[in-house]
Amino acid sequence: AERGLLYRLDQDTSGVLVFCKKQEMHTHLRSEFQNIAKEKIYGALVHGRCVNDTVSSWIYFKDVDNKKAQSVVSASQVPKDKKGQKAQIEIIHSTYLEKHDLSFVLIKLKEGLRHQIRVQLSMIGHSILGDSLYGGAKAPRLFLHAHCYKLETPTELKKFISPSFPLFDRFFPDIKKFL
């Protein structure tokens, strides 16, 4: 089912996906993905009044079946039997919706580790709406959306954009003015 898929999104995350038609191109771009992915922007609805900020932490999976991540401030807090990875997100935009005590945020993802955005937002007290695994209130689905991926190869720069946030329209009818 993932044939040609350049990167993965968490199962409940919506948004931009990039596929390669040719296997040799897929193999090459996959192996170089950390170098060619110049920008990864996600949108989310989070609990509370969130502000623009940079969040850095160490992430590791704490349970036996690697289903739930833990985020800690320093490498020394990662248990000796776990492999922690340094991770960083930048909240580049935040708009507060007082009526619902939610913020619409745009997040620039640096590494792209599994559950990274979810666990780091939860760590700072701003769980994503619908993310019961990391403390978010129950909702019809997870309100996390891959908005933009900018990929640069030696021959070109490509930007893949999801032009709207259909899931967020209920809370932010004028979402386009924030982009």
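Would you please classify the overall shape of the chain from the alpha carbon gyration tensor, given that a ≥ b ≥ c denote the square roots of the eigenvalues, rounded means a/c under 1.5, and beyond that prolate means a/b larger than b/c while oblate covers the rest? Oblate is the answer for the chain, as a/c is 1.5 or above yet b/c matches or exceeds a/b. Return the whole-Å distance between the Cα centroid of region 81-96 and the Cα centroid of region 1-70. So the separation of the two Cα centres works out to 12 Å. Sites listed here are trypsin sites (Lys or Arg not before Pro) in region 115-179 whose DSSP assignment is loop and whose Cβ has at most 10 other Cβ atoms within 10 Å: LYS138.
Spin-label pair ASN66-SER132: with each label point 7 Å from Cα along the Cα-Cβ axis, the two points sit 2.5 nm from one another.
On the accessible surface of region 76-166, probed at 1.4 Å, how many percent belong to carbon and sulfur atoms? Can you show the working numbers first?
Numbers: 2370 of 4760 Å².
Accessible surface attributable to carbon and sulfur in region 76-166 totals 50 percent.
Taking a ≥ b ≥ c as the square roots of the eigenvalues of the Cα gyration tensor of region 1-67, is the shape rounded (a/c under 1.5), prolate (a/b larger than b/c) or oblate? Cα axes put region 1-67 in the prolate bin. Let me make sure I get this right: for region 75-155, a, b and c are the square roots of the gyration tensor eigenvalues over alpha carbons, sorted descending. Under 1.5 in a/c it's rounded, otherwise prolate if a/b > b/c, else oblate. Which is it? Because a/c hits 1.5 or more and a/b fails to exceed b/c, region 75-155 counts as oblate.
For the chain, leaving out every one of the GluC sites (Glu not before Pro) that falls in a DSSP loop and has at most 11 other Cβ atoms within 10 Å, the longest unbroken run is 3-155.
GNM, the chain, Cα, under 10 Å: largest mean-square fluctuation among ASP101, ASP81, ASP169? Result: ASP81 has the largest fluctuation of those listed. Comparing GLN88, GLN34, GLN23 in a Gaussian network model of the chain where C-alpha atoms under 10 Å apart are linked, the largest mean-square fluctuation is found at GLN23. Over the chain, dividing the summed -39,500 (n - 2.57) contributions of all DSSP H runs of at least 4 residues by the number of residues returns a 222 nm mean residue ellipticity of -3000 deg cm²/dmol.
The values are calculated or read from the model by the stated rules, or taken from the named source; none is laboratory data. Remember, predicted model here, so these are calculated numbers, not experimental data. We place every Cβ from the backbone using ideal geometry, glycine too, and count neighbours over all the protein chains shown. Each accessible area value is taken on the protein alone, full model and side chains, heavy atoms only, with ligands, DNA and RNA left out. Shrake-Rupley method; radii C 1.70, N 1.55, O 1.52, S 1.80 Å.
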